[in-house]
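Worksheet: the structure to be examined is printed underneath.
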2 protein chains.
Amino acid sequence: MPAEDAAVAAGFEHFYETLRRLTPRGPLSLTAASTLRRLERSGPHRLCELYAPEGISQPAMTQLVTRLEKEGLAERTADPTDGRAVVVSITDAGREAVSHRRQVRAEALSALLQGLTPEQYEAVVAALPALERLSDLAAEQAS
Amino acid sequence: MPAEDAAVAAGFEHFYETLRRLTPRGPLSLTAASTLRRLERSGPHRLCELYAPEGISQPAMTQLVTRLEKEGLAERTADPTDGRAVVVSITDAGREAVSHRRQVRAEALSALLQGLTPEQYEAVVAALPALERLSDLAAEQAS
DNA sequence: CCGTCGTACATAAGCGGGTGATATAAATTG
DNA sequence: CAATTTATATCACCCGCTTATGTACGACGG
């Protein structure tokens, strides 16, 4: 491991904690929010396609979907081509919830961004594509 | 809120999920790890100074310290100047656990960093001070 | 000194969200 | 068509958080 990577890792570690505290406690758990975002971003999925990328077990996803359904944020549909399968999709209320959560976090973050110098702000913006690329790399590594 | 902030927020949101999945399942909860890092970084603290910055309730911190103590990662000491207070400090085993966790995450991250172009890598390194500054701003805003 | 009040921590009860083991039903296969 | 695999659900359990409450010490005015 290159030496500089350690510095990057340390910086990310600290920053991760900061981001974590930026969305104190909402009605949605981390996994619930992440799953809703996935459904919003890439459409309906069978339950068996959801739990692995979220890093939880299949029973956990069953229960999560049940909770989301109870709160009206997602819904189950039968898969016509496979009687065993369940297709999970996000509802309008779910989209609304995701959007609201995103908004809250964005505003908290925006307040912080005001405190940066223009150079620092530019550095952050310039790093965004790289961060996005890291996310993609992590996703394909997981698959 | 400036329009570009929304893009930054969206990027961070995605990146946050990536970081979250980078340290899959350890023996330490997120709060436990964060608390140990705090103890490692800024020395022993009274329990009442710990729970607020971690964003949990006082009973939760009492329980967390009890668990950490049971696992030998932290220890309680009486405060000689205040009979009510408890001073919590990290043990060598605790330092070891933090260090190990950090190592695991750093290696996983390092593997991803290999996939960046040199320009992207430089952009990430260049943004580190700004990310650090954001963490500081968040910390002082919380106080 | 001494009752009163605030502060620091612990305990209790309950709940959300995770786990592994197992059940059920539909699809696949030999 | 019996056997097996796959997709989901259910069960029993544990961990970590919550609020409400208990306990012991410190501070402080009479």
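The values are calculated or read from the model by the stated rules, or taken from the named source; none is laboratory data. Since we're looking at a predicted model, the values are computed, not measured. Cβ sites come from the backbone with ideal geometry, for glycine too, and all protein chains shown count toward neighbours. Only protein heavy atoms, including side chains, enter the accessible area calculation; ligands, DNA and RNA are left aside. Shrake-Rupley method; radii C 1.70, N 1.55, O 1.52, S 1.80 Å.
Candidates B:Pro59, A:His14, A:Val88 compared by Cα position along the dipole of the protein assembly as shown: farthest toward the positive end lies B:Pro59, with charges placed on Cβ. The heavy atoms of B:Arg67 offer some 120 square angstrom of accessible surface to a 1.4 angstrom probe. A label point on A:Pro129, set 7 Å along the Cα-to-Cβ line, lies at 2.3 nm from each of its counterparts in the other copies, closest listed first. What sits nearest the axis between copies A and B, counting only chain A Cβ atoms, is the residue and whole-Å distance A:Ala127, 2. Across the stretch B:44-53, computed HN-Hα scalar couplings (Karplus, 6.51 cos²θ - 1.76 cosθ + 1.60, θ = phi - 60°) run x, 9, 6, 4, 5, 8, 9, 6, 4, x Hz from first to last residue, x flagging Gly and Pro. Temperature 20 °C, viscosity 1.002 mPa s: under these conditions the Stokes-Einstein estimate for the stretch B:51-118, based on its Kirkwood radius over C-alpha pairs, is 148 µm² per second.
Estimated purely from DSSP H runs of n ≥ 4, each contributing -39500 (n - 2.57), the mean residue ellipticity at 222 nm for chain A is -22500 deg cm²/dmol once divided by its residues.
Inter-chain Cβ neighbour count for A:100-107, averaged per residue, equals 3 (cutoff 10 Å, partner chain atoms only). Dividing the C-alpha radius of gyration of the protein assembly as shown by 2.2 N^0.38 Å, with N its residue count, gives 1.08.
From the alpha carbon centroid of the stretch A:1-64 to that of the stretch B:1-75 is 15 Å.
Here the gap between B:Asp82 and B:Gln103, fully extended at 0.36 nm per residue and compared with their Cα-Cα distance, gives a gain of 3.8 nm.
For the set B:Arg41, B:Arg133, A:Arg101, the ranking by accessible area, highest first and with no ligand, DNA or RNA atoms included, is B:Arg41, B:Arg133, A:Arg101 under a 1.4 Å probe. Charges were assigned to the Cβ only: +1 to each Lys and Arg, -1 to each Asp and Glu. The resulting dipole of the protein assembly as shown about its Cα centre is roughly 1000 debye.
Stokes-Einstein diffusion of the stretch A:1-43 at 4 °C, 1.567 mPa s viscosity, Kirkwood radius from Cα pairs, rounded to a whole number: 103 µm²/s.
Annotation for B:Glu140, label-to-label distances across the other copies: 4.2 nm (shortest first, one decimal, point 7 Å from Cα along Cα→Cβ). In this rough spin-label picture, where each label sits 7 Å from Cα along the Cβ direction, the B:Thr117-A:Ser42 distance is 2.4 nm.
Placing +1 on the Cβ of every Lys and Arg and -1 on the Cβ of every Asp and Glu, with nothing else charged, gives chain A a dipole about its Cα centre of roughly 560 debye. With R₀ set to 22 Å, the beta-carbon distance separating A:Ala60 from B:Thr62 gives a calculated FRET efficiency near 0.20. Which shape class, rounded, prolate or oblate, goes with the stretch A:1-83 when its Cα gyration tensor gives a ≥ b ≥ c as root eigenvalues, a/c under 1.5 marks rounded, and past that a/b bigger than b/c marks prolate? Since a/c reaches 1.5 and a/b is larger than b/c, the shape of the stretch A:1-83 is classed as prolate. Here the calculated FRET efficiency for B:Ala3 and B:Ser110, from their Cβ-Cβ distance with R0 = 45 Å, stands at 0.85, rounded to the nearest 0.05.
Put one equal scatterer on each alpha carbon of chain A, apply the Debye formula with no solvent term, and list log10 I(q)/I(0) at q = 0.13, 0.16, 0.18 1/Å to two decimals. So the normalised log intensities are -0.73, -1.02, -1.18.
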